[in-house]
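A.B. asks: Handing you a structure now.
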Amino acid sequence: MASGTPFVTSPIGAQGLHLGELARHLVADHPAQFAEMTLALLDDPDLWRFVQRGLAGLAEQHFSPLVLDRTLVELMADLGAAPPLGP
């Protein structure tokens, strides 16, 4: 996701990725669907770019170092191992 390479995954693999509308292009239940979605990404440059931009935005929004740091501090504060964050 962070490398900018679109991918196709299973419903289990998609859990926690916050794919939203991108899921219809990236989440497959059956082998034939995996192949169809993969070929669609490879054959359609506009779809590839759309998914690529969407994934980059999701990576920044949910998985950036800043988000990770803030999440860890919040968890530590909830456990009483760090001071609470300000407003």
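Let's see how each residue does on (1) of a type in the set (S, T, Y); (2) surrounded by 14 or more Cβ atoms within 10 Å (Cβ to Cβ); (3) more than 21 Å from Q15 (Cα to Cα); (4) out of contact with any Leu (no Cβ under 8 Å at 6 or more places or on another chain):
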{"residue": "L26", "(1), (2), (3), (4)": "no, yes, no, no"}
{"residue": "P31", "(1), (2), (3), (4)": "no, no, no, yes"}
{"residue": "M37", "(1), (2), (3), (4)": "no, yes, no, no"}
{"residue": "L41", "(1), (2), (3), (4)": "no, yes, no, no"}
{"residue": "R49", "(1), (2), (3), (4)": "no, no, yes, yes"}
{"residue": "A56", "(1), (2), (3), (4)": "no, yes, no, yes"}
{"residue": "F63", "(1), (2), (3), (4)": "no, yes, no, yes"}
{"residue": "L68", "(1), (2), (3), (4)": "no, no, no, yes"}
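A.B. asks: Still on this structure: Quickly run through region 8-24 and pick out the residues that are exposed (fewer than 15 other Cβ atoms within 10 Å of the Cβ) and at negative phi.
C.D. replies: The answer is S10, P11, I12, G13, Q15, E21, A23, R24.
A.B. asks: If you scan region 50-72, which residues turn out to be of a type in the set (F, W, Y) and farther than 15 Å from G16 by Cβ?
C.D. replies: F50
A.B. asks: Another question, if that's okay. Of all helices (runs of 4 or more DSSP H) completely enclosed by the chain, which ones contain at least 1 residues that are aliphatic (A, V, I, L, M), more than 11 Å from the chain's Cα centre (by Cα) and at pLDDT below 95?
C.D. replies: Answer list for the chain: 65-78.
The values are calculated or read from the model by the stated rules, or taken from the named source; none is laboratory data. Being a predicted model, the structure only gives us computed values, none of them experimental. FYI the Cβ positions are ideal-geometry reconstructions off the backbone, even for glycines, and counts take in every protein chain you see.
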